Structures are given as structure tokens and as C-alpha cells.
1. Looking for whichever is surrounded by 16 or more Cβ atoms within 10 Å (Cβ to Cβ), more than 11 Å from chain B (Cβ to nearest Cβ) and outside any helix (DSSP H, G or I) here; the options are A:L63, A:L67, A:L80, A:L29. Which one fits?
2. Going by the conditions given, is A:L74 modelled with pLDDT under 95, crowded, with 24+ Cβ neighbours inside 10 Å and within 30 Å of A:I205 (Cα to Cα)?
3. Condition (residue is of a type in the set (D, E) and away from chain A (no Cβ under 14 Å)) applied to the stretch B:179-192: is it met by at least one residue?
4. Can you name the number of the only condition in (1) surrounded by 21 or more Cβ atoms within 10 Å (Cβ to Cβ); (2) touching a residue at least 12 places away in the same chain (Cβ under 8 Å); (3) assigned by TED's automatic domain parsing to the domain that holds B:N188 that B:G263 fails?
5. Return the pair list, or none, for Cβ contacts closer than 7 Å from residues in the stretch B:67-79 that are on the phi > 0 side of the Ramachandran plot to residues that are surrounded by fewer than 20 Cβ atoms within 10 Å (Cβ to Cβ) and modelled with pLDDT under 95, at least 6 apart or on different chains.
6. Can you pull out the residues in the stretch A:32-42 that are in contact (Cβ under 8 Å) with a residue 60 or more places away in the chain, surrounded by fewer than 17 Cβ atoms within 10 Å (Cβ to Cβ) and more than 20 Å from A:A321 (Cβ to Cβ)?
7. Out of B:A76, B:A61, B:A68, B:A117, report the one residue that is assigned to a helix (DSSP H, G or I), among the small types (G, A, S) and more than 14 Å from chain A (Cβ to nearest Cβ).
8. Under 6 Å between Cβ atoms, which residue pairs at least 6 apart in sequence (or on different chains) link something in the stretch B:271-292 that is away from chain A (no Cβ under 11 Å) and buried (at least 24 other Cβ atoms within 10 Å of the Cβ) with a partner that is in a strand (DSSP E or B) and hydroxyl-bearing (S, T, Y)?
Amino acid sequence: MTIDASLSSSQAAKPAPRRRWRIAAWAPLIVLVLLCGLITLINPNFLTFGNMVRISQAAMIPLVLGLGATFIILMGSIDLSVEGGLTLSAVILSMLVLNGANSNAFGVFGILIVLLVGAGVGFANGVIHVRLKIPSFMVTLGMWFVGVGAANALLGGMAIRINDPMIRSLAIERFLGFPWGVWLALFCLLIALVIQNYTRLGRYIYALGGGEDLAALSGIPVGRVRILTFTLAGVFYAVGGVLAAAQLGLGNAQIGTGRLFTTVTAVVVGGTALSGGQGSVLQTLVGVLIVVVLSNGMVLMGVPPSVQIGVQGLMIIAAVALSIDRKRMRIVK
Amino acid sequence: MVHKLISGASGRPIKRRDILKGAGLIGVAGVFPAILTRPAFAADKPTVVNSIRSLSNPYHATWNKGGAAFAKSVGADYVTLVTEGNSEKGIADIKAILAKTGGNAVINVDPNDSPDARPIVEAAKAAGAYVVTQWNKPADLHPWDHDPNYVAHISFSGVPYGKAMAETLIKKMGGKGGIVALGGIESNVPAIERKKGLMDALAANPDVKLLDYQVANWSATEALDKTNAWLTQFGDQINGIWAANDDMALAAIEALRADGRAGKVPVTGIDGIQLAVEAIQKGELAGTVAWDPYWQGGMGLAIGYAAKTGGFDPSKEPKEHREFYGKGVIITADNAQEYYDGNIASEPKMDWNDIWGRVTGQIQYD
């Protein structure tokens with residue numbers, strides 16, 4: 001319900017002068033609705049309020065990670081450091097708040113430190129990428145391993161249990177039936193929407209993705225925009241780390257495993273083009289919901305475990321095939 | 001020419017290339033300690049080497065501690081090699097250490113994948129080093145075919161322990177009800193064996209129904225999502241959750257907690273990590289099995305070291321000492337405190353001379 005409402009409002013707010021109605025732009029949403037319908041037919045439990053809450057719980061972390069990744073992909077770059085930033089944030093958080101391994105209890109202050117760490121990781125990504133002119137793919141690949149490696153070094157392979165009631169309440173305590181973490185993720189979505197639609201940074205990101213040469217010629221500080229965007233993405237990954245640590249109640253170096261794949265899948269399935277310039281954070285919300293509903297639905301429908309990963313792969317190809325605008329593409333690599 | 005160079009250098013003292021060079025130097029300097037682990041002064045004693053998957057999981061981190069403790073007990077140089085899930089790296093690192101020590105080494109390896117064991121054993125034999133493998137090896141590779149260098153292979157049968165955990169769960173449920181099960185990566189031998197143990201226990205308890213079996217690939221994140229979906233699908237029909245490892249079991253508990261049912265639905269794991277033992281003490285986990293990686297990391301070296309230094313002759317040992325199942329420790333609420341005090345709160349005390357103390361039979365192949 002919230003989704004539909006917010007989607008239509010953004011369509012109105014979008015600074016797009018030419019609005020030709022294309023089915024492709026709506027394909028992800030149509031896929032999501034069809035998917036929900038299909039699963040409900042097979043297992044009516046899908047539409048219960050309890051399951052909606054569980055889907056929102058499963059979606060909150062991919063959503064926050066996806067928001068960060070969307071900005072990077074809109075810019076035409078790629079960020080592989082999702083797992084590095086998330087793991088490092090979760091591990092540092094587990095060491096700063098009330099925990100089972102040391103006597104720290106920084107509480108909210110610990111979360112702020114973790115957000116700064118995330119920003120630092122993103123800033124390092126951006127600076128290395130821009131100043132040393134290394135492709136974002138390589139820089140962030142390196143930062144992925146640096147992040148996970150640093151988390152490893154901090155913990156020595158062990159896991160730390162989080163006892164801080166405030167952190168745990170993100171996953172356990174509820175407001176209007178939904179855990180606080182879900183509200184936090186929605187708040188992040190709101191911030192991302194504001195950045196995308198109402199700030200100069202948001203417009204510059206689209207400009208860079210649409211054509212960096214033109215953007216540079218028209219006086220956009222390309223380097224600064226890139227660094228700022230990577231920093232912003234790093235903060236989102238840190239929020240993801242906080243949520244992941246809250247959900248599992250611990251921090252360990254494996255907490256991020258598999259998150260990169262889900263994140264990039266969600267962004268792309270939502271219809272944001274890997275080539276940059278096209279897409280939005282709301283489309284990422286739809287993409288995240290498709291991925292989460294699909295994996296939830298396959299368990300509900302009783303799809304055999306060995307087939308599930310294959311179905312996910314087909315889903316990715318189908319969603320991208322539906323949402324691509326072929327008229328604008330001359331070359332496919 | 002000369003003038004140009006100087007002005008260039010003074011005008012822009014730091015170039016990107018210089019930064020890159022600097023970064024490169026730092027990188028190279030960082031790699032050095034990994035190569036020159038320790039100067040080979042104590043060359044009379046064999047270097048003892050553990051080759052494991054990574055140091056990022058509690059299991060292998062504890063394995064490494066056991067290896068270090070054994071090395072300290074005999075005063076030998078200790079080296080840890082990490083494959084990071086890469087078979088080529090694992091084999092190449094072992095070859096490098098064999099070359100560095102001139103074959104005066106004892107290697108205790110958890111091969112990244114079964115086929116890796118053969119080149120590792122052959123390289124060790126060619127160099128004159130002694131090797132003990134654990135968990136993974138091809139079924140047709142036997143220590144007695146590579147006397148005396150391939151000392152032993154140690155594994156743990158997942159069947160009896162998977163079964164023991166299922167029985168613990170069923171007992172806790174009062175002998176009837178519905179359970180759901182979280183499995184490991186489908187092609188992994190331990191995952192297959194543990195599942196078989198679960199099925200054996202279910203066959204013996206017809207009042208217990210397996211509602212669903214899902215593969216969560218040993219991952220906490222996946223286990224959390226699968227358990228959440230089950231809570232929708234089966235709701236109160238779930239009376240117990242069986243998980244093939246502790247990470248997945250702990251994640252299932254968190255899913256139950258978000259539903260307000262943690263501690264009410266019994267859950268079992270396998271592996272015996274610290275957080276699992278603590279969860280048993282809190283009454284949220286019904287049981288786990290500790291493989292004792294501390295023992296694996298130390299005793300694998302101890303067996304190889306004894307053979308290398310003339311403590312026993314591998315070729316004269318019976319086959320059940322060359323390929324054997326080790327012993328797991330079943331932990332439930334009854335002995336969790338005792339296990340915690342003896343193995344987690346304090347460094348475990350091991351008799352590294354009792355090399356055959358945990359042999360529980362020769363490995364069987366289907």
C-alpha cells in the first residue's frame with residue numbers, strides 16, 4: 001500500500017519533461033504484483049499480516065544497501081564494497097555497544113561512530129577511484145576485501161554477541177506492528193528520495209550517468225560528485241551493517257556474505273540500468289521486494305531447495321529483459 | 001633535457017606515479033611477513049604447519065589455537081596457511097613451505113576440496129615431509145598407499161551426530177509434533193551425512209513429522225529468511241527446528257525471537273561454537289555437537305610430529321589408526337556449563353601424547 005502511494009507521488013515529482021508511456025518502465029511493478037498474485041493462489045497465507053511483517057523484515061537490509069548502490073549505479077559506476085562496508089560496520093558496532101566480549105557500552109554514540117566508519121570506507125573508495133583514476137570496479141573490489149579483512153583482524157574469527165537492548169529492539173520491538181528496523185529502512189528511503197529529487201547532488205548523479213563528458217563541460221565538479229556519492233553509499237552500507245547486527249544479535253566477519261549479490265540483483269531487477277543515468281531509488285524498492293517476495297514465496301509454494309537458486313536466476317533475466325528500453329540501445333556488450 | 005627534468009620534479013614534487021609506487025611498496029612490505037613467517041633458525045625441529053580454510057570463522061580460528069598450543073608444547077616453529085576457499089592457493093602455499101623447510105615439516109591440512117588431498121600428499125612425499133589430512137580426501141586415496149609420509153586421515157561421521165541431535169530435539173518435544181530442518185550446502189559430505197542422521201531418527205519416530213527441509217547453505221542470513229517463511233507457512237505446527245550447523249541454528253532462534261517464541265520452540269545445531277554453548281546455557285538452544293577443532297588443530301600435528309620424529313612407524317600401524325573417525329562431544333543443558341568452563345572459559349588441557357585416544361573406528365565408504 002505504502003509502495004503504490006509513494007510510487008505515484010514520485011512519478012509526479014520526477015523532473016522528466018518527456019513522459020512517453022512505456023510498459024517497460026512499469027514492468028518491475030507488474031512483475032511484483034503478478035508474483036504476489038501467483039503465490040497467494042498457491043498459498044493464501046502469503047497475504048497475512050504476519051507474513052507482510054516478515055517480508056518487510058527480510059527486505060529492510062537489502063533495501064538500505066540497495067539505496068546506496070542505486071546512486072553508484074545511476075552514476076554509471078559499480079560498487080562491490082557492499083559486503084566490506086557492512087561487515088566492518090557490524091563488527092565495529094558489536095564491539096562498541098553493550099556486548100559479550102568487552103566492557104564498552106557506547107549506545108547511540110556507537111552507532112554514530114559506525115556511520116562515520118562507513119562514510120570513511122566510502123570516502124576512501126571515492127578518493128582512490130577519482131584521484132588515482134582507477135576504475136570503480138577494481139577499487140571497490142579491493143575495498144570489499146579490505147573491509148572483510150579488517151573485520152577479521154578485529155575479531156580473530158570469533159563472533160561477538162550484542163546485548164545492547166536498543167540495538168536488539170531494532171529487530172524485536174515493534175511500532176504499528178512492524179519492527180523498528182523496518183521504519184529505519186523506510187526513513188533511509190525517504191532521505192534517499194530527497195537526495196535524488198531535491199538536491200543538486202541528486203541531479204548531478206543523473207547528469208554524470210547520462211553523459212559524463214557533457215556534465216564535465218557544463219561545469220559540474222565531476223570528481224567531487226563521485227567522491228561524495230561513494231561516501232553517501234558507504235553510510236547506507238553502515239546502516240545495513242547496524243541492521244544486520246541487530247537482526248542476528250551478533251557481529252562476525254561472515255555477516256555480509258551473499259549481500260552483494262542480492263543488492264545488485266535488486267537494483268537491476270528494479271530497472272535501474274547498469275549503464276547509468278536511468279532508474280531511481282523507488283525502482284530499487286520494487287526490485288528489493290521482487291527478490292524478497294520471490295525467495296519467501298518459493299518456500300511457501302514448496303519449490304524444492306535445489307531448484308530455488310535456478311528460479312532466482314531466471315527471474316533476473318526475465319525482469320531485465322522486460323524492463324530494457326531496446327530503442328535506445330545501439331550496442332550490447 | 002636535464003633542465004626539463006629538474007623543473008618537472010621541483011614543480012610537481014609528488015606525482016600520481018610516485019603515489020602508486022609508494023602504495024606498491026607498502027603493499028609489498030605487507031606481503032613480506034606472510035612469506036618470511038619466521039627465520040628458519042630452529043631447523044633441527046620440523047616446522048609444524050596447519051593449512052585451513054580461513055581465520056574468519058570460529059571453527060578454524062579455534063583449530064589454529066590448538067595448532068599453536070601443540071607447537072608451543074614441543075618448541076617447534078608454527079605456520080598457519082589459509083586457502084580462503086581457493087584450492088590452487090592452498091596447494092601452492094603448501095609447496096612453498098615444503099621448499100622453504102627442505103621437507104623438514106609436518107603438515108596438518110583440511111583440504112579445501114577432496115581432490116586437493118592427492119597433490120598435497122604427493123608433494124609432501126616427494127619432499128620427505130609428513131602429512132595428516134582431515135575431513136576431505138578422495139575415497140581411493142589411502143594413507144597406507146603412501147607410506148610413511150601420509151600418516152593418517154581423520155574425519156567425523158555426520159550420521160550418528162545428526163541423529164543424536166534429532167533425538168535430542170524429539171525428546172525435548174515430548175516425542176511428537178512437527179519439525180522443520182535447515183541443511184548445509186547440498187553437495188557437501190557433512191551436509192549429506194547429517195541429513196541422513198536426521199532421516200534415520202525420523203524413521204524411528206513416526207509421531208514426528210518433517211514439515212519441510214530447506215537448504216540454507218550453512219549461512220545465518222539465509223537460515224533467518226527461511227525460518228521466517230516457515231513461521232508464515234506452518235505457524236504453530238512447528239514444534240522444533242533442526243539445523244545442520246550452529247550458525248543456522250542461532251539464526252533460527254533470532255527468527256523465533258522476533259516472533260516472541262525464542263526458548264519455546266527447541267532448536268538444535270551442530271559444531272559447538274561458543275555462542276551456541278552460551279545459547280544452551282540460556283535455554284534457547286537444545287543441543288549441539290562439538291568437534292573440538294582445538295583437538296583437530298593440535299592433534300593432527302601431534303600425530304604427524306610423532307611419526308616424523310620417530311615416535312611410531314606409520315607403516316606398522318593398523319588401518320583403523322590410519323583412516324579413522326574422531327569423537328564429537330554432545331552438549332546439552334546437562335553438560336553445557338562443564339563444557340564451557342573446561343573448553344571456552346579456559347584454554348583446553350590436552351594430552352598431546354594420547355594420539356589414538358579419540359579413535360572411534362575405521363572410516364567406511366559407501
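1. Values: A:L63 fails: outside any helix (DSSP H, G or I); A:L67 fails: outside any helix (DSSP H, G or I); A:L29 fails: outside any helix (DSSP H, G or I).
Being surrounded by 16 or more Cβ atoms within 10 Å (Cβ to Cβ), more than 11 Å from chain B (Cβ to nearest Cβ) and outside any helix (DSSP H, G or I) holds for just one of A:L63, A:L67, A:L80, A:L29, which is A:L80.
2. Values: modelled with pLDDT under 95: yes; crowded, with 24+ Cβ neighbours inside 10 Å: yes; within 30 Å of A:I205 (Cα to Cα): yes.
The answer is yes for A:L74.
3. Our first condition is that a residue be of a type in the set (D, E); within the stretch B:179-192, this holds for B:186.
After this cut, where a residue has to be away from chain A (no Cβ under 14 Å) as well, the list is none.
There is no residue in the stretch B:179-192 that is of a type in the set (D, E) and away from chain A (no Cβ under 14 Å).
4. Condition not satisfied by B:G263: (1).
5. So the pair list comes out as B:G75/B:K45.
6. Scanning the stretch A:32-42 gives a single hit, A:I42.
7. Going through B:A76, B:A61, B:A68, B:A117 in turn, just one is assigned to a helix (DSSP H, G or I), among the small types (G, A, S) and more than 14 Å from chain A (Cβ to nearest Cβ): B:A117.
8. B:G272/B:T288; B:A286/B:T268; B:G287/B:T268; B:G287/B:T332
The values are calculated or read from the model by the stated rules, or taken from the named source; none is laboratory data. Keep in mind that this is a model prediction, so the values were computed, not measured. Cβ: placed from backbone, ideal geometry, glycine included. Neighbour counts: every protein chain shown.
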